[in-house]
Each structure stands twice: as C-alpha cells, then as structure tokens.
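Participant: The structure under discussion is supplied below as structure tokens; questions concerning it will follow.
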Amino acid sequence: MRRVATLAALTALLAGCSPDTSALDAQKPVQQKVTLEVALIGPIEFFDMVVQWGHNNVGTQEETTPAPNWVKDLTLTWPDDKYVFVTGSARKKPNVDDRLAFVNGQPSVECRLRINGQVVETDTSAAPQCDFNLSATPPPAPSASAG
C-alpha cells in the first residue's frame, strides 16, 4: 500500500512540474509598418525603373515607373507575414538609342527597407535586393530626437 501511495504522490508532483506551453501555442499578432524604397542613382534621364516586391502572402509584384524614386507603404502582421522583399533595376526607355542612353554609363539602383521607420536593410548595385524576416519583436521606431 505504501508503494501505491508513493507512486501516486510522485506522479502528482511530476505533473505539477510540466512546463506551461500555452504561451508558445498562441502567438499574439504584431503589426509592423513596412516601407519599401527604390531609387535610381547616377545618369537617369534615359532610364525607367523596374521594381519587384512582395511578401510571403502575395506573389511577386512588378511595377515600372519613369520616376527616379519609388515608395510603397505596407502594414504586415506577424506571424501571418514573415518575409518581405524589394528589388529594382534600371531599364533603358523605349525609343532611346543605346549609344545615347549609355553615353554617361548605367545608373545604379538603391533599395531600402524600413520596419516601423527604422532602416533594416539597404543595398546599392545594378540589381540590388533588400529583404527582411519579420518577427514578434520588430525593430523599435526611431526616437523623435534622433537625427
């Protein structure tokens, strides 16, 4: 009888020591303001810009713009949205002769990705890519006193 009582007490004690995993099971959604930016740099007068962007809940989107700057604001919610990206490239405008378009070289492209106003990724090249993995702990917004 003592053996049964001891086993029962030990079982009850161990049951009370089990870790609580409820916090892991229910992840609280976190909204994050995402700003995608792409800019042409250098000799741009004969070039348009092709921008591709997306996140894990949409396919790749493509936009062509004659403007030297492109900006897209999104509000994404983690954990539904976990990954976001933007890339861009310069494309010679139609009906512009190659010799004229490239006389001063080809422009570079700069991409920048901001989360809650904070730059988290930047790249400059002929075809840069900026991407970021969202998390439950987004980067803090820059303070109002920051430059």
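The values are calculated or read from the model by the stated rules, or taken from the named source; none is laboratory data. As the structure is a computational prediction, the values presented were derived from the model and not from experiment. Because the Cβ atoms are built from the backbone with ideal geometry, glycine has one as well, and the counts that use them run over all protein chains shown. Keep in mind that these areas ignore ligands, DNA and RNA; they rest on the heavy atoms of the full protein, side chains included. Shrake-Rupley method; radii C 1.70, N 1.55, O 1.52, S 1.80 Å.
Participant: Enter the accessible area of Leu74 (Å², nearest 10), with the probe set to 1.4 Å and all protein chains included.
Facilitator: Counting only protein heavy atoms, Leu74 exposes about 30 Å² to solvent.
Participant: Right, next: Which of the aspartates and glutamates could be linked to Lys92 by a straight reach, that is with a Cα gap under 12 Å, when you skip same-chain ones fewer than 8 residues away?
Facilitator: Qualifying aspartates and glutamates at Cα under 12 Å: Glu45, Asp48.
Participant: Same structure, new question: What aspartates and glutamates could a cross-link reach from Lys28, if we take a straight Cα to Cα line under 16 Å and drop same-chain neighbours fewer than 8 places away?
Facilitator: Asp80, Asp81
Participant: Run the accessible area of segment 47-147 with a 1.4 Å probe and give the carbon-and-sulfur part as a rounded percent. Don't jump to the answer; show the numbers that get you there.
Facilitator: Details: 2610 of 5600 Å².
The nonpolar share, carbon plus sulfur, comes to 47 percent.
Participant: What is the gain in length, in nm to one decimal, between Val71 and Asn133 on full extension, counting 0.36 nm per residue of separation less the C-alpha to C-alpha distance?
Facilitator: Numbers: separation 62, 0.36 × 62 = 22.32 nm, distance 1.94 nm.
Extra length from Val71 to Asn133 when fully extended: 20.4 nm.
Participant: So, taking all protein chains as they sit and a 1.4 Å probe, how much accessible area belongs to Thr124, in Å² rounded to tens?
Facilitator: Approximately 70 Å² for this residue.
Participant: Rank these by accessible area, largest first, 1.4 Å probe: Thr64, Thr77, Thr137.
Facilitator: Largest accessible area first, the list is Thr137, Thr64, Thr77.
Participant: Okay, next question. For Cys111, what accessible area in Å² do you get when you roll a 1.4 Å probe over the heavy atoms of the protein chains, rounding to the nearest 10?
Facilitator: Accessible surface of Cys111 is approximately 0 Å².
Participant: So, one more: Taking 7 Å along the Cα-to-C-beta vector as the label spot, tell me the Thr122-Thr60 distance in nanometres, rounded to one decimal.
Facilitator: Using points 7 Å along Cα→Cβ, the separation is 2.6 nm.
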